[in-house]
1. Can you give me the ranges of the strands (runs of 3 or more DSSP E) entirely in the range B:129-201 with at least 2 residues that are more than 8 Å from the ligand (Cβ to nearest atom), buried (at least 23 other Cβ atoms within 10 Å of the Cβ) and more than 13 Å from chain A (Cβ to nearest Cβ)?
2. Quick check on the range B:160-171. Is at least one of its residues of a type in the set (Gly, Ala, Ser), in contact (Cβ under 8 Å) with a residue 12 or more places away in the chain and under 21 Å from residue A:24 (Cα atoms)?
3. If we only count strands (runs of 3 or more DSSP E) wholly inside the range B:1-120, which ones have 2 or more residues that are without any contact (Cβ under 8 Å) to a residue 40 or more places away in the chain?
4. Which ones in the range A:32-51 are facing chain B (nearest Cβ under 7 Å) and in a strand (DSSP E or B)?
5. Within the range A:1-31, can you find the residues that are under 11 Å from residue A:54 (Cα atoms) and in contact with a Gly (Cβ under 7 Å, 6 or more places away or on another chain)?
6. Quick one: which residue in B:95, B:72 is surrounded by 20 or more Cβ atoms within 10 Å (Cβ to Cβ) and at pLDDT 95 or above?
7. Looking at this structure, is residue B:112 within 13 Å of chain A (Cβ to nearest Cβ), out of contact with any Leu (no Cβ under 7 Å at 6 or more places or on another chain) and over 25 Å from residue B:243 (Cβ atoms)?
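The values are calculated or read from the model by the stated rules, or taken from the named source; none is laboratory data. None of the values given here were measured: they were computed from a predicted structure. Note that each Cβ is placed from the backbone with ideal geometry, even for glycine, and that neighbours are counted across all protein chains shown.
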Amino acid sequence: MKKEILHYFRERFGIPPSCFQTFSLYAASRGRIYVGPETTIPRPEPVSVGILAARTGNAIKPTTAILQLLGRHATRNIVRISRKDAEKFAGGQDLKAGETEATEGYVLVSYQDTPLGCGFLKGGTVRSMIPKAKRLQLKFL
Amino acid sequence: MSTMVTGIPKVFRQRYASLVDDPEAFFSCLGSMQPRSFRVNTLKSGRKHVVERFEGYGFEIKQVPWYRDAFVSAEPDVGSTLEHFTGEIYMQELVSMLPPVVLRKDLMKAKNVLDGCAAPGSKATQMAAIMGNMGLIVANDVSYSRIKALKFNQEKTGAANMVITNLDLRNFPQHNFDIVLLDAPCSAEGTIRKSCGISEMWSERHIKKLSSLQKQLIVKAFDLMSPGGLMVYSTCTFAPEENESVVNHLVEKRPARLEEIDVPGFRLSDPLQEWRGETFSEKIKNCIRVWPHHNNTGGFFMARVGK
Ligand SMILES: C[S@@+](CC[C@H](N)C(=O)[O-])C[C@H]1O[C@@H](n2cnc3c(N)ncnc32)[C@H](O)[C@@H]1O
């Protein structure tokens with residue numbers, strides 16, 4: 001599992017495994033993978049360990065949390081968007097992809113070199129994968 | 001603003017008028033607005049980058065002299081910036097940043113840290129940033145609903161070196177932590193400015209109840225430290241029952257060493273030596289108080305305890 005996840009981030013985004021070096025990966029229920037501290041305590045059992053990095057199942061789906069944290073190391077499948085679109089994306093709206101080298105599937109959406117989060121690219125549209133609670137009406141960007 | 005001041009109960013005024021150096025400045029400060037503050041989350045960004053962006057927005061921000069990553073700003077829209085959305089900044093009261101600041105050097109070396117009362121995670125995520133996401137932070141809180149906010153802030157700041165536990169700290173299994181932060185539940189008198197008035201819960205009876213809980217928590221927190229370990233006990237309240245009296249209880253029960261606290265560029269005040277007939281141990285002298293009118297902040301109390 002660990003190998004698969006590291007492989008995924010390298011292949012899909014060009015994020016090198018060394019970015020995960022000081023962490024451990026933890027598998028939780030329903031295919032969730034967390035990036036957490038290298039070691040943890042046995043007792044009491046934590047209610048959660050680290051931050052949710054991906055959901056696995058038919059496909060691997062990266063989270064906005066991990067892409068915001070490590071996205072600066074990404075080299076591919078990045079959709080760079082305009083200011084207007086960044087506003088929309090942060091608010092949870094879908095975007096027109098425009099010219100992009102990214103292939104269909106999960107992408108890193110980025111604005112002026114700042115990783116904004118996870119999007120899903122299909123048929124020329126980028127769906128905002130920003131969780132509802134994290135959406136924000138941006139006034140300054 | 002004066003309406004807020006008159007909202008302060010008489011008992012409260014009587015309690016503190018005799019303790020503070022300048023009661024008039026103190027009470028008038030409590031009735032005034034507190035400047036907004038935030039810190040740069042170094043797990044995701046850097047000071048230079050944030051300063052440049054905020055200047056680009058036309059925001060006036062001022063770095064505080066005692067913590068490079070902390071800024072104050074009169075700007076009401078800090079919460080609507082891209083940097084807030086991405087978690088590159090974290091909005092936090094200045095005094096709330098003090099415990100990680102006085103532990104900074106120790107945190108950089110620490111392998112495992114316990115934040116005993118961690119939700120919503122302002123200090124825990126700040127400690128994660130200081131530790132560069134290395135080592136382990138166990139962020140514990142008794143309240144499941146507050147843990148949701150802690151989890152949210154953890155994800156937002158990218159504090160991946162943190163695990164969350166949900167226990168009454170008094171029931172936490174025996175452990176040896178290098179560093180323990182006990183930011184205790186308190187009557188929060190020091191946050192009057194932010195909350196625009198004193199809590200409806202406020203009463204001397206409530207303070208007594210909290211004091212007895214804090215005394216249990218501080219002894220437990222001490223027992224969870226490794227030999228050679230460190231603890232910071234903190235509250236955001238003025239009540240001596242929740243501050244000096246609690247630390248005094250610890251030094252009576254355990255061989256605790258009280259260490260000096262210094263925050264260059266920030267005005268700290270001495271603790272009380274006695275309160276309502278209770279005289280405190282000499283050791284208590286190393287605790288510090290923060291009065292709001294000295295630095296234009298909220299109120300705070302801290303003790304740095306060695307084992
Ligand atoms: C002052 S707040 C902590 C603020 C936090 N340290 C921060 O910086 O964001 C105190 C916390 O203590 C928790 N608490 C109260 N009694 C507790 C207990 N017996 N064990 C653990 N946590 C407790 C409360 O749920 C509350 O979240």
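1. Qualifying strands (runs of 3 or more DSSP E): B:177-183.
2. Within the range B:160-171, the subset of a type in the set (Gly, Ala, Ser) is B:160.
If we keep only those that are in contact (Cβ under 8 Å) with a residue 12 or more places away in the chain too, we end up with B:160.
Add one more test, that the residue is under 21 Å from residue A:24 (Cα atoms), and what stays is B:160.
Within the range B:160-171, one or more residues are of a type in the set (Gly, Ala, Ser), in contact (Cβ under 8 Å) with a residue 12 or more places away in the chain and under 21 Å from residue A:24 (Cα atoms).
3. Numbers: elements: B:36-40, B:61-64, B:67-73, B:89-91, B:112-115.
It comes to B:61-64, B:67-73.
4. Start the filter on the range A:32-51 by keeping residues that are facing chain B (nearest Cβ under 7 Å), which leaves A:35-37, A:39-41, A:43-44, A:46-51.
Passing the criteria: A:35, A:36, A:37, A:48, A:49, A:51.
5. A:26, A:31
6. Values: B:72 fails: surrounded by 20 or more Cβ atoms within 10 Å (Cβ to Cβ).
Sole residue among the options that is surrounded by 20 or more Cβ atoms within 10 Å (Cβ to Cβ) and at pLDDT 95 or above: B:95.
7. no
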